1. His131: net charge of surrounding residues, Cβ under 14 Å, Lys/Arg +1, Asp/Glu -1, itself excluded?
2. Between Glu166 and Ala79, with labels modelled 7 Å along Cα→Cβ, what's the label distance in nm to one decimal, could you check?
3. Can you list residues whose amide H is under 5 Å from Ile98's amide H, if they're 5+ apart or on another chain and H is modeled 1.01 Å from N?
4. Please list, ordered by chain and number, the residues whose modelled amide H lies under 5 Å from the amide H of Ala54; skip anything fewer than 5 residues away on the same chain.
5. Pick out, in residue order, every one of the chymotrypsin sites (Phe, Trp or Tyr not before Pro) in the stretch 55-126 that is DSSP loop and has at most 14 other C-beta atoms within 10 Å; say none if there are none.
6. What percent does the relative contact order of the stretch 21-180 come to when contacts are Cα pairs within less than 8 Å and at least six residues apart?
7. If we count every other residue with Cβ under 14 angstrom of Ile107's Cβ, Lys/Arg +1 and Asp/Glu -1, where does the sum land?
8. State the extension gain, in nm to one decimal, for the chain segment bounded by Arg101 and Ala130, taking 0.36 nm per residue of separation less the distance between their alpha-carbons.
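Taken together, the values in this text are just the output of simple stated rules run on the coordinates, not laboratory data. On a predicted model such as this, the values are computed, not experimentally measured, just so you know. Neighbour counts run over all protein chains shown; Cβ positions are idealised from the backbone, glycine included.
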Amino acid sequence: MADPCTDLSRQDPSARQAGAQRREKCVNRTAETALESELLLLRAWHPRDAGALATACGDPEICAFTTVPRRYSQEAAAAWIERQAQRVADGTANVFAIVPRWQEDPIGATWLFDFDTSPSARIGCWLLAAHRHDGFGLEATRLLSRWGLSVLGLRRIRLEFLPDNEASRRVCIGLGAIREGQRERVTSQGSTLVERWLLGRSQLEASRAEPGAR
């Protein structure tokens, strides 16, 4: 996803300092962190993962809203992985590969980005088509949200998606997020109507405690 970090240049010095400190904390933490559950592992992307992008490249459900290449090549995949490492290094995102516990190859990605001084961040996720109905999206976003809220000290996680994206809506409901409504998101490509949900620690823990929650 190509959205930039919130522009802090117009904020007061204390706000800019808070934002810089939070981004620095995110960079330091990501380099040393892998997140685990019984179902999956969230870890950094490695150059050896380039082949795992072959199925993702050209998938309209992925390429329309992310920077995953539309045409696969080893070079293009390696460049994408390098860009994710750079996003971590410059403090604009925390990017993780989604890996089932019983295999080594990633089946998707999830990331925190668009940090502000609230402090909050947006979360993103994509999965290969064969794994979109296995509960991985909910589990990955739950793991990353818990890490962001507890370890990074975020007060809330923002989830935004197109109004017709039922899969993302199901994830929001599974997380216990609260629907804020629809809003217009303005990007360099124009404006888009998106649906926004908000997630805090209390909602996340309450959803985890529900019977049948994974």
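1. -3
2. 3.7
3. Close amide H contacts, sequence-distant or interchain: Ile107, Gly108, Ala109, Thr110.
4. When sequence neighbours closer than 5 places are left aside, there are no close amide H contacts.
5. Sparse-neighbourhood loop chymotrypsin sites (Phe, Trp or Tyr not before Pro): Trp102.
6. 20
7. Neighbour charge sum, excluding Ile107 itself: -4.
8. 8.8 nm is the gain from fully extending Arg101 to Ala130.
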